[in-house]
1. Just to check your reading of the model, which residue among 36, 20 is over 23 Å from residue 60 (Cβ atoms), hydroxyl-bearing (Ser, Thr, Tyr) and modelled with pLDDT of 95 or more?
2. Just wondering, is there one or more residues in segment 73-82 that are modelled with pLDDT of 70 or more and polar (S, T, N, Q)?
3. Please name all residue pairs, on different chains or six or more residues apart, with Cβ atoms under 6 Å, provided the first residue is in segment 24-49 and is in contact (Cβ under 8 Å) with a residue 24 or more places away in the chain and the second residue is surrounded by 12 or more Cβ atoms within 10 Å (Cβ to Cβ) and assigned to a helix (DSSP H, G or I).
4. Within segment 5-49, how many residues are among the aliphatic types (A, V, I, L, M) and not in a helix (DSSP H, G or I)?
Amino acid sequence: MNTPDLDPDLLRAFVAVAATAVAAIVGFAVHRHLFTPGMAIGPALGAAVAVAVVVPVAVLRAEAAVHARAEAASPEGSASTGERLRFIPAQFARDRFQ
């Protein structure tokens, strides 16, 4: 299974997150006239969390789009997802309790 490529807008967003973290670190160090590791840890962790949250969501969104296009192209893909999901509980109950 190959993974979809990341959106160029997402890559620009990562650059913006990194630039913002660097600006926060440098700005605080200049303001205090000294640099301590604590000044870098906060913004770096914030940037890492932002990327760690956004990347899986972007990958899932891209995979969902691929599956939606494949489903739309298949002949049995004529029923919408909502129509199929509506019948799942009834089918489950029928199979489970009979």
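The values are calculated or read from the model by the stated rules, or taken from the named source; none is laboratory data. Everything numeric here is computed off the predicted structure, so don't read it as measured data. Please note: Cβ atoms are built from the backbone with ideal geometry, for glycine as well, and neighbour counts cover all protein chains shown.
1. Details: 36 fails: modelled with pLDDT of 95 or more.
Result: 20 is the single residue among 36, 20 that is over 23 Å from residue 60 (Cβ atoms), hydroxyl-bearing (Ser, Thr, Tyr) and modelled with pLDDT of 95 or more.
2. The answer is no; no qualifying residue exists.
3. Every condition considered, the pairs that remain are 47/17; 47/21.
4. Step one: of segment 5-49, the residues among the aliphatic types (A, V, I, L, M) are 6, 10-11, 13, 15-19, 21-26, 29-30, 34, 39-41, 44-45, 47-49.
Imposing the further condition that a residue be not in a helix (DSSP H, G or I) reduces the set to 6, 34.
Here the count works out to 2.
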